[in-house]
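The values are calculated or read from the model by the stated rules, or taken from the named source; none is laboratory data. Everything quoted here is computed from the prediction, not taken from an experiment. When we count neighbours, we look across all protein chains shown, and the Cβ atoms used for this are built from the backbone with ideal geometry, even at glycine. Heavy atoms of the whole protein, side chains included, go into the accessibility calculation; ligands, DNA and RNA do not. Shrake-Rupley method; radii C 1.70, N 1.55, O 1.52, S 1.80 Å.
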Amino acid sequence: MPLDQTLYVDSAPKFETLLRKLSSETVIGLDTEFISEGRYEPELCLVQLSTAEDIFIVDPIVFPGLRPMWELLTAPGRELVTVAARQEVKFLAKGADVAPACVLDLQVAAGLLGYGYPLSHTNLCLRILNARVNGGESFTDWRKRPLRPVQLEYAADDVRYLLPMRQKILERAAKLDRTSWVRGECDHLVKTVLREDERWRISGSARLSRRQLAVLREVWRWRDRQASTLNVPTSRVLGDSMLIEIARRSPATAEDLFSIRGLDSRMLRKAEQDVVNAVALARSIAESDLPGNERRDDPPQVAVLAKLLSVAVANLAAETNVDTALLATTSDIQEIVRWFLDQEGTPARK
């Protein structure tokens, strides 16, 4: 579709046109442009939508009242076609207060059908449609207005080919009898994005005891709330390495807290008692309610069997032409082994 047929939505009348045209559509292409640097949550700058006949570029900076659009997009019976949908799912759920009813992530689908994973939008277009897309605006500051014609063209191209790729993807999935694989993995992606309840298990946490993990979880939650309130990256409040050290030492007082080398954050000085209280809360948790540490508590059989099963998974991935990361992650394999050992009567954790 030429650029002059793309509707740039920056006013109430145009927004009403958008809603009217989308209301009868059951399949809609979706992409977003956002800025995440220096913020707790990414700032939404554009929403691009496509149907079989139209492309819409919605400007939430100029026209921010988008809730009716989010509600329409997440309605039952409507499928959203995306690429690497994680952030789009978050925007949808926040905008409508409900998860999208159906998402088809072309990146995930391509990985299950032999195209490769993870492929960028540009490479998906090339592999699936043999279409070349200009990626020259990848590092644009999408907050600046007015947008230049080349930026609008780039934004339109991000959704221009989504529905044609969907058709090819679904045809291939049906031919390979993998439609249920694609649908199931995309549904799992949405649920995983919205859950994300284990994000506090950061790098280095596997070395901690269960009690120290509880401290890490509570201090991580404090940091997350603080970053959200101030709308800054969590690392600006407190770095991950300092979280691990606080969890390891579990300081009982502010004096103990600041005996840790490297804790010179002025932000932390203002909230020292909150951190100490978070540690105290973790120390009061009953032993039975402490989070598990899979790597520390696993018997040696888990590591041995997981390595053997990883080889089998890699062979199966090669045979079915499915990317190994989509077939089973290391964590998935370990969980399977733990389940097996539990069924066999061998305790998977002490």
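Adding -39500 (n - 2.57) for every DSSP H run of four residues or longer, then dividing by how many residues the chain holds, sets the calculated 222 nm ellipticity at -15500 deg cm²/dmol. What does the C-alpha gyration tensor say about the overall shape of region 133-250? Classify as rounded when a/c is under 1.5, otherwise prolate if a/b is larger than b/c, or oblate. Oblate is the answer for region 133-250, as a/c is 1.5 or above yet b/c matches or exceeds a/b.
What relative contact order, as a whole-number percentage, does the chain give when Cα pairs under 8 Å and 6 or more residues apart are counted?
Here the relative contact order equals 15 percent.
For region 114-246, the per residue solvent-accessible surface stands at 53 Å², with DNA, RNA and ligands left out and a 1.4 Å probe. Comparing 193, 182, 58 in a Gaussian network model of the chain, where Cα atoms under 10 Å apart are tied by springs, the biggest mean-square fluctuation is seen for 193.
Exposed loop positions in the chain were taken to be GluC sites (Glu not before Pro) whose DSSP state is not H, G, I, E or B and which have at most 12 other beta-carbon atoms within 10 angstrom. Between these positions, the longest stretch is 199-343.
The loop-placed trypsin sites (Lys or Arg not before Pro) in region 40-140, going by DSSP, that have at most 14 neighbouring Cβ atoms within 10 Å of their Cβ come out as 132. Among the trypsin sites (Lys or Arg not before Pro) in region 215-280, those located in a DSSP loop and surrounded by at most 13 other Cβ atoms within 10 Å of their own Cβ are 261. Taking amide hydrogens as placed 1.01 Å from N in the peptide plane, the amide H of residue 8 sits under 5 Å from those of 57, each at least 5 positions away in sequence or on another chain.
In whole angstrom, note down how far apart the Cα centers of region 63-82 and region 217-260 are. The distance from the Cα centre of region 63-82 to that of region 217-260 comes to 37 Å.
Taking a Cβ cut-off of under 13 Å around residue 111, the surrounding Lys, Arg, Asp and Glu residues balance to a net charge of 0, with basic ones at +1 and acidic ones at -1. For region 39-147, the list of chymotrypsin sites (Phe, Trp or Tyr not before Pro) that fall in a loop by DSSP and count at most 16 other C-beta atoms within 10 angstrom reads 139. Per residue, region 43-102 exposes 35 Å² of solvent-accessible protein surface, assessed with a 1.4 angstrom probe and all protein chains in place.
Counted by Cβ distance under 9 Å from residue 257, the other residues give a net charge of -2, where Lys and Arg count +1 and Asp and Glu count -1.
Judged by the gyration tensor of its Cα atoms, with axes a ≥ b ≥ c, region 185-300 is oblate; a/c meets the 1.5 cut and b/c is at least as large as a/b. When both region 281-336 and region 17-49 are represented by their alpha-carbon centers, they are found 36 Å apart.
Partners of residue 270 within straight-line reach, counting aspartates and glutamates whose Cα lies under 17 Å from its Cα and excluding those fewer than 8 residues away in the same chain: 224, 255, 256.
The apolar share of the surface of the chain, taken as the fraction of accessible area on carbon and sulfur atoms (1.4 Å probe, ligands and nucleic acids excluded), comes to 50 percent. Divide the volume of the convex hull around the Cα atoms of the chain by the residue count and you get 170 Å³ per residue.
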